[in-house]
Structure formats: C-alpha cells, structure tokens
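*Asks:* First the structure, which I've put down as structure tokens, then a few questions once you've had a look.
Each value in this text was obtained by applying a stated rule to the coordinates, not by laboratory testing. From a predicted model like this one, the values you see are computed outputs, not experimental measurements. Cβ sites come from the backbone with ideal geometry, for glycine too, and all protein chains shown count toward neighbours.
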Amino acid sequence: MNLLKISSSPHIHENVDVKKVMWSVVIALMPALVAAYIFFGLRSIWLTALGVISAVVVEALTQLFMKKPVTVSDGSAVITGLLLAFNLPPEAPFWFPIIGSAFAIIIGKQVFGGLGYNPVNPALLGRAFLMASWPAQMTTGWTSKMARLGVSTISGLKTNIIPGGSVYLQNLITSATPLNLAQQIRNDIVGGAAGDSARTVFHSLSSLDYIKNLFWGNIGGCIGEVSAAALIIGAAFLVYKHYIEWRIPLSYIGTVAILSWFLGGIDGLFSGPILFHIFSGGLILGAFFMATDMVTSPVTKKGRLIFGIGCGIFTVVIRLWGGYPEGVSYSILIMNIAVPLIDKLTPQKPFGYRKIETSPTKSVSR
C-alpha cells in the first residue's frame, strides 16, 4: 500500500539549510579577515579568534544549562563572534571580544529562545553594550599602515604644506577614523573655528587618492570594516549563492549616497562627498552582512526596501549630527525593532491570488 505523506508547504525544497548558509557567510568574511591582518597585524587575528571562541563556548554552555540541544555546529555563533570582533578597534583590550561575544550570545540570542527568535542582531547588540560600557576604549586605538608610514597620502598633500591644516591631517594619520575627521572639520567650520585650511583637508577626503585608500583599507577603523574591496568580494559570493538579495544593501547604500550628497557637504546642499560616505566606516559591512540577517530583517520585498531606506536615513542623521560619527550599528538595531511593524504593513499577496471580474463595477478576490 502506498501512503501519502501530508505536510505543510513548501513542498519543493532546495538543497540549502541553515548550517550551509551560516558557514557560507563565514567563508565570505574571510577576505575581510585577511585584509585586517594586512593592515592591522596579528593582533586583529587574536581579537577575532577570542570573539569566535567566546561565542561558541558561551552558546554551548548556555544551551547545556538550559537543557537544550547544543547547536554550535550550525555556524551561527561563529558568525556572531566574527562580526562582534570586526566591529572593534584594532587596539581594543583582549577581554573586549570575550565580554562582547558572551553578552551577544546570552542577552542577544539565547534569552529569546536561540537562533530564529532573536529580535535584533546579536553582534550589534554586543557592540552597543561595549560602546555604552567602555566608550573610551571603543573610540580610540585606530591604527593602520598609514599611521606606521607617518605620512598623509591625501592627494599627495603633506601636513607641512597646508598652513593651519596640520592638526587635521595629523589626527587622520595617527588616531581618528575618516568619519571622525570629517565630523570634526564640519563642526569646526559651522562653529567658525576653522578656515580655508580645514576646507582644503575636507575636500581632499573625496580625492581619488584617498578614495583608493578607503576602498582598499589603508585607513584607520574597526578590524573588519576598513577594506571595502575585501567585503565586496565576500558579498559578491553570497549574492551569487542567492543567500542575500539586492533590496536591503542597494536601498541602504543608495539612501546613504543620496542623503550624504544632499546634506553632507560644507559648501551648501548637493556638495557632499558620496564615495567617501559609502566606503567610510561600517556601511559596506553593515549593508551586506548585518542588515541582511535573515532572522532580523523583513520577509516581504517591499519591507526590505523600507528597511534599507530606514537604515540609510538613520545612518546619515547620526553621522552628520550625532555625538558619535558612525551610525551603522545603531541604525540597524533601530530598524530591527521595527521589522514586525514593517512586515505587518507590507503583506505580500498569497500564492495564486488573482482578481475575477464579475461586473464592470465589482470584482471578487480569490
């Protein structure tokens, strides 16, 4: 006798599961880890390893304590540890990724029931916890090969040939991230504390020479965010595998580009440096690897566009007028919270939905 198997949809399955997707994301993040080693040295590898080990161990212990199946082999804890470490300064204390990953796993994930039930991205929640608890350590220690060279490569300018501009270039070389410097110059100009030298340095941030540094990663910043080239390689792999789709990254980056061009300049509207804002900070990392998290992003197509646009708006607002020059992490966390509402307001038509015309004035939905 042949028995029929009754099950809920979908009835056609692809040879893809959570474990395969998660480990593919880990592979996609490896180019950024290589770039971190090139620009920041072995310390970046140690910080990342500590973040991953802490996330895996804490998740296993938490699941054992809660008498739940241990699922660390699915790779989700590894991703949390990686992304948490990628959002740390390269000179962060070694205990930072341990504490941050533990908080991300316990508070950001397991208390809600584990993978699939967390309302916000655990790695970003761990970063927000570290930022709130130890802001000084989270906003210092930005070093790069540029710092070790001791010279500025912005349009070939040296600090001693820009009268009055040496303080800005020296900050860029030795300590500040590009977004720190841009915010400092904008605030000084608005406050009347800077003149033509500051404008010269600000305009140099959008020069071809400096955009190249931003693209390849020869700048100060967090461990895993500096090299846009490495991140794009990993993102292209995930797009090719259809593990992420275009709506969130494109709407996110596009919104940042438009608003930063419109509002981010020092010479009035429509004078902002677009490429500078795209390649600076954690935008590429956030748009492709954190905002696209399948658990904490909308399930509807329209919802994903709204989600990306919302992330972009909050990012630009925080970058230009916030007390902290980078807004990617907080923007994604804010929009994570809004996901249930976005999904509710953007329902998709059921499969097979169509309208049947019954008269010139009435129609029936089926």
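*Asks:* Using θ = phi - 60° and the Karplus form 6.51 cos²θ - 1.76 cosθ + 1.60, what ³J(HN,Hα) does each residue of segment 242-258 get, whole Hz, x for Gly and Pro?
*Replies:* Those phi angles translate into 6, 8, 10, 10, 7, 4, 5, x, 5, 5, 5, 5, x, 5, 4, 4, 5 Hz.
*Asks:* Straight-line reach from residue 20: which aspartates and glutamates have a Cα under 14 Å away, not including same-chain ones fewer than 8 places off?
*Replies:* 74
*Asks:* Kindly state, as a whole number, the per residue volume in cubic angstrom of the convex hull around the alpha carbon atoms of segment 187-243.
*Replies:* Looking at segment 187-243, the number lands at 119 Å³ per residue.
*Asks:* Quick one: what do you get for segment 273-328 if you divide its Cα Rg by 2.2 N^0.38 Å?
*Replies:* 1.16
*Asks:* A follow-up question, please. Only four residue types carry charge here, +1 at the Cβ of Lys and Arg and -1 at the Cβ of Asp and Glu. Report the dipole size of segment 181-316 about the Cα centre in Debye, rounded to the nearest 20.
*Replies:* Working: 8 positive and 7 negative charges, 98 e Å.
In debye, rounded to 20, segment 181-316 gives about 460.
*Asks:* If amide H atoms are built 1.01 Å from N in the plane of the peptide, which residues on other chains or at least 5 residues away come under 5 Å of the amide H of residue 327?
*Replies:* Residues meeting the criterion, in which the H sits 1.01 Å from N, are 319.
*Asks:* Please state, to two decimals, what the Cα-based radius of gyration of segment 246-358 comes to when divided by 2.2 N^0.38 Å (N = residues).
*Replies:* Cα-based Rg divided by the globular estimate yields 1.22.
*Asks:* Next question. Could you order the peptides 278-289, 66-77, 256-267 from most to least packed, using the average number of other C-beta atoms within 10 Å per residue? Could the numbers behind the result be given before it?
*Replies:* Details: 278-289: 26.7, 66-77: 15.8, 256-267: 18.7.
Going from most to least packed, we get 278-289, 256-267, 66-77.
*Asks:* Which value in nm describes the separation of the simple spin-label points at residue 212 and residue 345, placed 7 Å from the Cα toward the beta carbon?
*Replies:* 4.5
*Asks:* Still on this structure, please answer the following. Residue 270 versus residue 95, label points 7 Å from Cα toward the beta carbon: distance in nm?
*Replies:* 5.4
*Asks:* Pairs of alpha-carbon atoms within less than 8 angstrom and 6+ residues apart define the contacts here; what relative contact order does segment 300-354 have, in percent?
*Replies:* Relative CO of segment 300-354 lands at 42 percent.
*Asks:* Over 32 Å between Cα atoms, which of 212/241; 68/301; 67/301 qualify?
*Replies:* 68/301; 67/301
*Asks:* Another question, then. Calculate, in nm to one decimal, what residue 111 and residue 321 gain on full extension: separation in residues at 0.36 nm each, minus their alpha carbon distance.
*Replies:* 72.2 nm
*Asks:* Run the numbers for residue 68 and residue 301: contour at 0.36 nm per residue of separation, minus the present Cα-Cα distance, in nm.
*Replies:* Answer, rounded to one decimal: 80.5 nm.
*Asks:* Could you give each residue of segment 229-234 its phi-based ³J(HN,Hα) in whole Hz, using Karplus coefficients 6.51, -1.76, 1.60 with θ = phi - 60°, and x for Gly or Pro?
*Replies:* Each residue of segment 229-234 in turn: 4, 5, 5, 5, 4, x Hz.
*Asks:* Run the simple label-point estimate for residue 53 and residue 37 please: 7 Å along Cα→C-beta, distance reported in nm.
*Replies:* Here the modelled spin labels are 1.7 nm apart.
*Asks:* Show me, bin by bin at 10 Å from 0, the whole-percent P(r) of segment 183-304 based on Cα pairs.
*Replies:* 13, 37, 32, 14, 4, 0
*Asks:* In addition: Applying the Karplus parametrisation 6.51 cos²θ - 1.76 cosθ + 1.60 with θ = phi - 60° to the phi angles of segment 328-335, what ³J(HN,Hα) value in whole Hz is obtained for each residue in order, glycine and proline being reported as x?
*Replies:* 5, 4, 5, 5, 5, 4, 4, 6
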